[in-house]
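Notes for the one structure printed next.
The values are calculated or read from the model by the stated rules, or taken from the named source; none is laboratory data. It should be emphasised that the depicted structure is a prediction, and the values quoted were computed from it without experimental measurement. Heads up, the Cβs are rebuilt from the backbone with ideal geometry, glycines too, and the neighbour counts pull from every protein chain shown.
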Amino acid sequence: TSYGFRTVADGEKQVLVNDVFHKVAKRYDIMNDVMSAGMHRIWKDAMVTALNPPRRPDYRFLDVAGGTGDIAFRIVKASDREASGVVLDINGSMLGVGAERARKKGYDANLEFVEANAEELPFEANSFDAYTIAFGIRNVPDIDKALREAYRVLRRGGRFLCLEFSEVEMPILDRVYDAWSFNGIPAMGKLIAGEAEPYQYLVESIRKFPRQQDFAAMIERAGFDRVSYTNYTGGIAALHSAWKI
Ligand code: SAM
């Protein structure tokens, strides 16, 4: 199968995404380092610094598309192990790797792993102080629906943070990035994971994701206030922030 550069219908999209992450789960963490030249660590650190979780045991966060736990582990650490939360992902293989990592870190008491869809969160309204999603929302077929769900499960005063690949807003860097992502990333995928197609699909999904301003408008439409964004590394990634007031 080739997920290459064809148009994928919404219904079909989730099936392809699931297939990609089942295939890469075990090697996901190393692939992340290779693909982003280690930069994803800096961006994720910056995201959790922006969140600034309080050292309070009643602080509860939801990390959607949490995969192997990178964001959740950082939040627990930043709260001095006080915060607790849910790592939610549609893919059991990714969650399995995450749960194992959580055990090794001694974070099991802080974290719960839930297999579910970002479009239909299995939680009551007003249940969380923070909703985070990193490099996940572009994979969700109905982004508006996922944003409305984020709004619903947050408490008043709750924070929404979304880290995602975005539109490079720096000359020259945009060309280098294009060359790397269209040729380099699938090639590295083939080298390390034995397959280029899943990575081609991922590169394509980044291209289709709305640019910074447009995504900010979508977040506002879902009901959020004080929507803003910060570019990281010239816009290769961007952090969108918003509040439920
Ligand atoms: N947040 C992690 C990180 O930053 O390392 C994982 C990001 S990984 C690129 C994207 C994740 O989104 C995958 O684990 C995938 O299974 C998950 N995902 C895709 N579609 C989803 C959906 N509809 N609902 C929840 N998770 C989804």
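When ASP58, ASP29 are checked against the criterion of being modelled with pLDDT under 95 and either in contact with a Lys or Arg (Cβ under 9 Å, 6 or more places away or on another chain) or more than 26 Å from THR230 (Cβ to Cβ) (or both), ASP29 stands alone in meeting it.
This table checks each residue for (1) over 21 Å from TYR28 (Cβ atoms); (2) among the aliphatic types (A, V, I, L, M).
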| site | (1), (2) |
| --- | --- |
| ALA150 | yes, yes |
| LEU191 | no, yes |
| PHE209 | no, no |
| ALA216 | yes, yes |
| GLU220 | yes, no |
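Of everything listed in (1) surrounded by fewer than 16 Cβ atoms within 10 Å (Cβ to Cβ); (2) away from the ligand (no atom under 16 Å from the Cβ); (3) at pLDDT below 95; (4) at negative phi, the single unmet condition for ILE192 is (2).
Selection within segment 8-47: residues that are within 12 Å of the ligand (Cβ to nearest atom) and touching a strand residue (DSSP E or B) at 6+ places or on another chain (Cβ under 7 Å). The member of this set that is nearest to PHE73 (Cα to Cα) is LYS44. Determine whether segment 175-189 contains at least one residue that is under 30 Å from LYS26 (Cα atoms), β-branched (Val, Ile, Thr) and touching an Asp or Glu at 6+ places or on another chain (Cβ under 7 Å). No, segment 175-189 contains no residue that is under 30 Å from LYS26 (Cα atoms), β-branched (Val, Ile, Thr) and touching an Asp or Glu at 6+ places or on another chain (Cβ under 7 Å). Looking at segment 214-224, is at least one residue of a type in the set (Val, Ile, Thr), in a helix (DSSP H, G or I) and without any contact (Cβ under 8 Å) to a residue 24 or more places away in the chain? The answer is no, given that none of the residues of segment 214-224 is of a type in the set (Val, Ile, Thr), in a helix (DSSP H, G or I) and without any contact (Cβ under 8 Å) to a residue 24 or more places away in the chain. Of the residues ARG60, ARG55, only one is within 19 Å of SER127 (Cα to Cα), touching a strand residue (DSSP E or B) at 6+ places or on another chain (Cβ under 8 Å) and among the basic types (Lys, Arg); which? From the options ARG60, ARG55, the qualifying one is ARG60.
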